[in-house]
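Worksheet for the structure shown next.
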Amino acid sequence: MRKRPRSRDIDPVQVAVLQRRLKSITEEMGLTLLRTTRSPILNEARDFVTGLYDARGRMLEQSEYIPVLAFALQPACENVIRFFGDDVHPGDVILHNDVFSGGNQNNDVAVFKPVFAGGRLLAWAACKGHQADIGGAVQGGYNPEAREVWQEALRIPAVKIVERGRLRRDVWNLIFANIRLGIVEEDIKAQIGGATVGERGLQGLAARFGRARLERLLEALFDGTERRVRREIAAIPDGIYRGESHAFYDGVTDGTRMRIKLAVKVKGDCITFDFTGSSPQTPGFVNAPYSATASALLLTFLMLIDPDIPHNAGILRPIRIVNPEGSFLNARFPAATTFGNSITGPTSDAIFRAFAKALPKMVTAGWNRFLGFAVSGEDPRRRSPYVDILFLSLKGGSGGTWSADGYDHIGLINCAGGILAQDYEMFEIHDPHFLVKHEYLQDSAGAGRWRGGVGVETEFEIRGDNVTGVAFGDGVEEEARAFGLFGGRPGSRNEIRLTFPDGRERVPKTKEIVRGIPRGTRFRQKAGGGGGYGDPRRRPLEAVRADVKNGLVSLEAAREEYGVLFDDHNRPYRHPRR
């Protein structure tokens, strides 16, 4: 560990107070987005991140309302700084989404606002959110037929949309002339508002501490975070830990499998994650840009160490990532990459498998894989377009872990705890859909001493016109079921099924555009459960009884998976092993 000089006048309590204030500013920025954005993707599902960065682009603090955005802003901020150099001024606002200059996904559009104090650049405030449309060939931004980035989205490299406080109407009009939905324009305005809240908060800190002292406190904060992360790494036995997993079907050739090969090297208080040997990039959109894979790695690693460690640039100092360009985890320009965020699940699987031996009480069993179905069309009630990613139906269960069952209906590991299921009434108000069923899916959780989280089953009737559905994900293959650990059983598979008004049924591929879905079609989705942890026969009888009583586990599964039977008085007892 390299040593840095420490200032004797730095009060560690003041550093801790500063860290909490930075966190509260990012949360205030988030509340601004929750209250002012119009798309349910942002104000209900909370698919966004807010953050503060110093003049060099180093992360000061973030609030990741979904975990996959853990590393989504710093690379883009660093690109903005390199591109504009000294040509930034008070009142500027910069837009960015380009995955080949630090972005993580085309639909995730970032707003950056430089923060000045005493006439000099002090820091940056930023908001990034998933937009309902971003141009490209398919409304909504998910295009399994894309073979290059231009077929996916409007690329927005770093560009000023407000300069010295004045809106650049020509640039603004150019961007939004290439985006289908007016709601996106309003949501970008809301993100500018969120960044302004961050700007005010940082200027308040500069006024309180003075610029020089604030910068010293921030350096002390980075150093303190680094020390905490190094202590966590040093507690892991030295060695090389290996894990593998696969993503399935590249959207072009049936039966394809993309391998994630990971070697984790722990030496002292440093750690290296090496993806060398992973599959080459695909011709379809099942690729990730570098920052998406880095986010997947960091969000998973942060689950394995002290959860109270602040989120700032100090986290990154002891971590090295080797991710060769040209693999499907770090695709070369001009590859299509919209599926990149969704590769987080397979990436996390490889990380958990790698650490299972070293950190058996920290890892979880597998989480349900992502299988989404974005619906777009015309709402006949308003004669206006609509888009919905259907977060309601895609949230499966998480994996069990030592001493705790998995979370039920928590959703994808890249969105865990952040992406909320849609409110039923708002779902029907926003979309021309009629909800028929949304309930826990019995026997979906992998059995274990600590079972996986339960998945869900959703059914609704489509009542829109000119409807197109886009399937994007995996988890339908037997091997893609959420894996069990230490004797635990795998979770259930995903499934999407469309039943047309004439009785015909269609099961879409996991990467496919389904055009011309008629009004009256029934949509059914099963989001699988998480994997179990430990021998199911060691699960307490009362826990099995409670799951049966609540309809989460059937009597048959209790008998076959847990070896539990019930007597005439509904009392559980263990069936003897055969």
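The values are calculated or read from the model by the stated rules, or taken from the named source; none is laboratory data. Since the model is a prediction, treat every value here as computed from it, not as a measurement. Reconstructed Cβ throughout: ideal geometry from the backbone, glycine too, with neighbour counts over all protein chains shown. Note: areas computed on protein heavy atoms with side chains; ligands, DNA, RNA excluded. Shrake-Rupley method; radii C 1.70, N 1.55, O 1.52, S 1.80 Å.
Structural remarks
- Placing unit charges on each Cβ (+1 for Lys and Arg, -1 for Asp and Glu) gives the stretch 220-328 a dipole about its Cα centre, and among Gly314, Thr293, Tyr241 the Cα reaching farthest toward its positive end belongs to Tyr241.
- Shown is the FRET efficiency for Glu477 and Arg497, computed with R0 = 25 Å from the Cβ-Cβ distance and rounded to the nearest 0.05: 0.95.
- Other residues lying with their Cβ under 13 Å from the Cβ of Phe275 contribute a combined charge of +2, Lys and Arg counting +1, Asp and Glu -1.
- Chain lengthening between Asp465 and Glu325 when straightened (0.36 nm per residue, less Cα-Cα): 46.1 nm
- Heavy-atom accessible area, probed at 1.4 angstrom with all protein chains present, ranks Thr253, Thr26 as Thr253, Thr26, highest first.
- For the stretch 353-412, the gyration tensor built on C-alpha atoms gives a prolate shape. Its axis ratio a/c (a ≥ b ≥ c) is at least 1.5, and a/b is the larger of a/b and b/c.
- The slack in the chain from Arg213 to Leu541, taken as 0.36 nm per residue of separation less the alpha-carbon distance, amounts to 112.2 nm.
- The stretch 16-64: trypsin sites (Lys or Arg not before Pro) in DSSP loop, at most 14 other beta carbons within 10 Å: Arg56
- The stretch 47-204 - Rg (one decimal) and Dmax (whole number), Cα, Å: 14.8, 51
- Potential extension, Glu505-Trp150 segment - 0.36 nm per residue separation minus Cα distance: 124.5 nm
- Multiplying each eigenvalue of the alpha-carbon gyration tensor of the stretch 203-357 by 5 and taking the square root yields semi-axes of 33, 20, 11 Å, largest first, rounded to whole angstroms.
- Residue order for Trp367, Trp150 - accessible surface, 1.4 angstrom probe, largest first: Trp150, Trp367
- The chain, dipole about Cα centre (Lys/Arg Cβ +1, Asp/Glu Cβ -1), debye to the nearest 20: 1620
- Cβ-Cβ distance of Asp254 and Arg522, R₀ of 25 Å, FRET efficiency by 1/(1 + (r/R0)^6): the value works out to about 0.45.
- With the convex hull constructed from alpha-carbon coordinates only, the stretch 480-548 shows a mean projected area of 6.7 nm² over all directions.
- Local net charge near Gly400, Cβ-Cβ under 11 Å (Lys/Arg +1, Asp/Glu -1): +3
- Against the criterion of solvent-accessible heavy-atom surface with a 1.4 angstrom probe, Arg574, Arg208, Arg369 sort, most first, into Arg208, Arg574, Arg369.
- For the chain, the solvent-accessible area with a 1.4 angstrom probe is 39 square angstrom per residue.
- 17 Å tail of the calculated P(r), the stretch 434-534, as % of Cα pairs: 56
- Just so you know, the averaged projected area of the alpha carbon convex hull for the chain sits at 27.8 nm².
- Over all other residues within a Cβ to Cβ distance under 14 Å of Ile389, the charged ones net out to -4, with Lys and Arg as +1 and Asp and Glu as -1.
- Loop-exposed GluC sites (Glu not before Pro) per DSSP, neighbour cap 13 Cβ within 10 angstrom, longest uninterrupted part of the chain: 326-578
- Coil-residue trypsin sites (Lys or Arg not before Pro) of the stretch 277-360, DSSP, other Cβ within 10 Å capped at 14: Arg332, Lys357
- Simple spin-label estimate for Ser24 and Asp238 gives 4.4 nm between the two label positions (7 Å along the Cα-to-Cβ direction from each Cα).
- Anisotropy class of the stretch 35-133 from Cα gyration tensor, a/c 1.5 cut: prolate
- Taking 25 °C and 0.890 mPa s as conditions, the stretch 244-301 diffuses translationally at an estimated 191 µm²/s according to Stokes-Einstein applied to its Kirkwood radius (Cα pairs).
- Pairs beyond 22 Å (Cα-Cα), from Lys265/Lys395; Lys128/Lys437; Lys395/Lys509; Lys437/Lys511: Lys265/Lys395; Lys128/Lys437; Lys437/Lys511
- Cα gyration tensor, the stretch 173-220 - rounded (a/c under 1.5), prolate or oblate: prolate
- The share of accessible area on the chain that comes from carbon and sulfur is 50 percent, using a 1.4 angstrom probe.
- Cα-based radius of gyration for the stretch 118-259, normalised by 2.2 N^0.38 Å, reads 1.55.
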